[in-house]
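Throughout, read-outs are computed from the coordinates displayed, never taken from laboratory work. Source: prediction; values computed, not measured. Every residue, glycine among them, receives a Cβ derived from its backbone with ideal geometry; neighbour counts consider all protein chains shown.
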Amino acid sequence: MYPLNIDGEELYLRDLKINDLPHLLKWYNNIDDFSLATGVYEPISLKEMQKRYFLSRSSSKDFFAGIYIRASDEMIGIIKGRVNCDGAFAAWINSIIIDPEFQRKGYGGKTVNLLIRHIKECCNVNRVYLSVAEENVKGMLFWKQQSFKTVKTIKSDHGSKNESKNVVIMYREV
């Protein structure tokens, strides 16, 4: 796993530990709020959450970190993705989740900027990519507010109940 331990003024990011997974499970199983961010459309078990965790740990390029408020040390979300430090100079954000209680307070944007600053400094990353379901109106708005631009829209067969969905690939120069 790519180590993602970043200190910010208000937030910090820390690599997830196995004992964090039950906390993550509540977000992954909150299908109404987070299915479009996680790609999980039906509740999963702790065993499945562990499988996802260990899969990300097995790659030196993947990161899977908790988002914490410095003042309280409370984990309020997660960020997951991949960074390529060996010449491609690009990173992907696979998902970001902020607990509903902490949404619309600027923590998502601060997390993205903290991550981007870190990978720019440590890996000389010059572009960050992500994909977002076109139907995820809140997600699309969030990423546009973070200065991400559309590269292209593709049809994906990874929707719920095997429905095809449009997926928007976005990027931000850093």
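Assorted remarks:
- For segment 1-23, backbone nitrogen atoms closer than 17 Å to the point 7 Å from residue 113 Cα along Cα-to-C-beta are found at 6-13.
- Using the Cβ-Cβ distance between residue 104 and residue 155 with R0 set to 45 Å, the FRET efficiency works out to roughly 0.90.
- Counting only Cβ charges, +1 for Lys and Arg and -1 for Asp and Glu, the dipole size of the chain around its Cα centre is about 420 debye.
- Cα lying deepest toward the dipole's positive end in segment 6-129, options 78, 125, 108, charges on Cβ: 125
- Modelled spin-label separation between residue 19 and residue 33, with each label point placed 7 Å from Cα along the Cα-to-Cβ direction: 2.4 nm.
- Radius of gyration, Dmax [the chain; alpha carbons; angstrom]: 15.4, 43
- Mean sequence separation of contacting Cα pairs (under 8 Å, at least six apart), scaled by the length of the chain, corresponds to a relative contact order of 18 percent.
- Placing a label point 7 Å from the Cα of residue 85 along the Cα-to-Cβ line, the residues of segment 109-153 whose backbone N sits under 13 Å from it are 118-125.
- Theoretical ellipticity at 222 nm over the chain - DSSP helices of four or more residues, -39500 (n - 2.57) apiece, nearest 500: -9500 deg cm²/dmol
- Least to most buried among 135, 9 (fewest other Cβ within 10 Å first): 9, 135
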